[in-house]
Structures are given as C-alpha cells and as structure tokens.
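Student: Below is the structure I would like to discuss, written out as structure tokens.
Throughout, read-outs are computed from the coordinates displayed, never taken from laboratory work. If you're wondering where the values come from, they're calculated on a predicted model, not measured in any experiment. Cβ atoms come from the backbone with ideal geometry, glycine included; neighbour counts cover every protein chain shown.
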Amino acid sequence: MTRAAVTSRTAGAATPRHLRSCAVVVGCLLAVFVGAARADTYKWTDDKGVTHYTDKMPAEQVNKASTVLDKQARPIKQIEPPPTPAQRAAKEAEDKRHEALTKSREEADRHDRALMQSFTSVEEIELSKARAVGTLDSQLQSSHAYIAQLQSRRADVVAKKASYGQKPAPETLDRELTSIDVEVQRQKELVEARQQEKLQTVARYDTFTTRWRELKAEADAKAVGVASAPGTSTATATHAK
C-alpha cells in the first residue's frame, strides 16, 4: 500500500473524531449562551418597602413574595410567600367544609335516585305510608290492651289484699303489685315511643311525597326541553319521554 493511501485512510479515520470534538465544544458554548440568555430577573421588596431587581434572590428573601421577570422586564412567574399558620388553618377548615358539602350532595343524590326507583307515583308513596302507620297502630292497640289487662289484674290483687282486713296479707301480693306497676310503666313508655315513631313516619313519607313531586317535575321539564330543542328528531323526543 502506498504512503499516500495510508495517509488518506488515517485522515479519513480521524475526521469523525475531530467533528465530534467540535460538536461537543459548540454544544457547551451554546448551553452557556442559552443559559445567559434565559437568566431571570427577580423583583422583590425588602422589609423597608424598597423594591429591588436582582439576578438571584437573597437568602433572607427566599420565603417571601417576589416576581420573576424576563429580559423585557415582563412578569413570567409570581412567587407567593408560604402561608401563615392562620392561613393554613383557614385553608384546612375550608377544605373540610367543601368535603362535607360534597358528601352531603352525593348522599342527597343517592336518596333522590332511591326515591325515584322505589316509587313510580304519589299513590304508591301514600300506600306505603298507610301500611307503615297501620303497623304502628296495631302495635299501639296491643300495648293499650295489655295495659288494660295489667290494670285489671292490679285491681284484683288490691281487692284480694283488702279482703284480709286486719290480718297480714301474703307478701306475694305486694310483690305482684310491684311487678304490675313496673310493667305498666314500661308499656306506657313503649306507647309513647311508638307514638313518636308514628309522627316521624308520617313526616318522613310526607317529605318523600314533596321531594318525589319536585324530582318528577324536573324530569318532565328536562324531557320537554329535549323534545323542543332544535334538531331533535321525533324518535329522540319520544325516547326522552
């Protein structure tokens, strides 16, 4: 192989390495120039109210409010100071309030869906209310009848005790009277509780009726709106109804 050929090959092999070295140098220079071109300016105010413009934030100002400006002095970023303890507490309270409100709305939506799925008319609600109230009325009648029986038995025990006159009555009669009085009191408390339950049941079903009518009116109004919307086909309107 001739010396010229060897020289040519050596030059050809060295050329890529030379180009790569140049590319690295150019890349480094570009990074320096780009970094310098993108250097930001910070606008901040000290504790005395004096406004400063610097290329970096002083250490004592890092956690305070400042504005980042570009080369044309246009604001590109606003740095807010960290919240105070009072602000954090207020934010947490607001988040909890919003979370509770969201849960309340979701629960109300679930109740509304359950109501519309359970009843197809006001008549069905009234029928269900009548059944629930009828069950409670039957329980009340049973309690009243039992109280009357207990009171009748008590009168018998009292009469039997009086029949002994001046003689000592058996202790079993006194114990029975005490037992009857305790049971009568328990039944009266049960009657009162069932009466309250009856009032609550009536009020609950009345609320169902009112809300069902509201939801039905909203659904009907929405269906009418869909049917009257421009471009709505007859098939679509019929499906909406």
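Student: Among (1) loosely packed, with under 12 Cβ neighbours inside 10 Å; (2) touching a residue at least 12 places away in the same chain (Cβ under 8 Å), which single condition is Gln117 missing?
Tutor: Going through (1) loosely packed, with under 12 Cβ neighbours inside 10 Å; (2) touching a residue at least 12 places away in the same chain (Cβ under 8 Å) one by one, Gln117 breaks only (2).
Student: Here's a follow-up. What residue, of Arg194, Arg211, is assigned to a helix (DSSP H, G or I) and without any contact (Cβ under 8 Å) to a residue 60 or more places away in the chain?
Tutor: Arg194
Student: Can you spot a residue in region 118-137 that is among the acidic types (Asp, Glu) and more than 27 Å from Leu199 (Cβ to Cβ)?
Tutor: no
Student: Let me ask something else. Out of (1) out of contact with any Phe, Trp or Tyr (no Cβ under 7 Å at 6 or more places or on another chain); (2) touching a residue at least 24 places away in the same chain (Cβ under 8 Å); (3) under 30 Å from Arg213 (Cα atoms); (4) of a type in the set (Lys, Arg), the odd one out for Lys129 is which?
Tutor: (1)
Conditions tested, residue by residue: (1) without any contact (Cβ under 8 Å) to a residue 24 or more places away in the chain; (2) surrounded by 11 or more Cβ atoms within 10 Å (Cβ to Cβ); (3) under 30 Å from Lys216 (Cβ atoms); (4) not aromatic (Phe, Trp, Tyr).
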{"residue": "Asp46", "(1), (2), (3), (4)": "yes, yes, no, yes"}
{"residue": "Ser66", "(1), (2), (3), (4)": "no, yes, no, yes"}
{"residue": "Asp70", "(1), (2), (3), (4)": "no, yes, no, yes"}
{"residue": "Gln78", "(1), (2), (3), (4)": "yes, no, no, yes"}
{"residue": "Pro85", "(1), (2), (3), (4)": "yes, no, no, yes"}
{"residue": "Arg88", "(1), (2), (3), (4)": "yes, yes, no, yes"}
{"residue": "Asp95", "(1), (2), (3), (4)": "yes, no, no, yes"}
{"residue": "Thr102", "(1), (2), (3), (4)": "yes, no, yes, yes"}
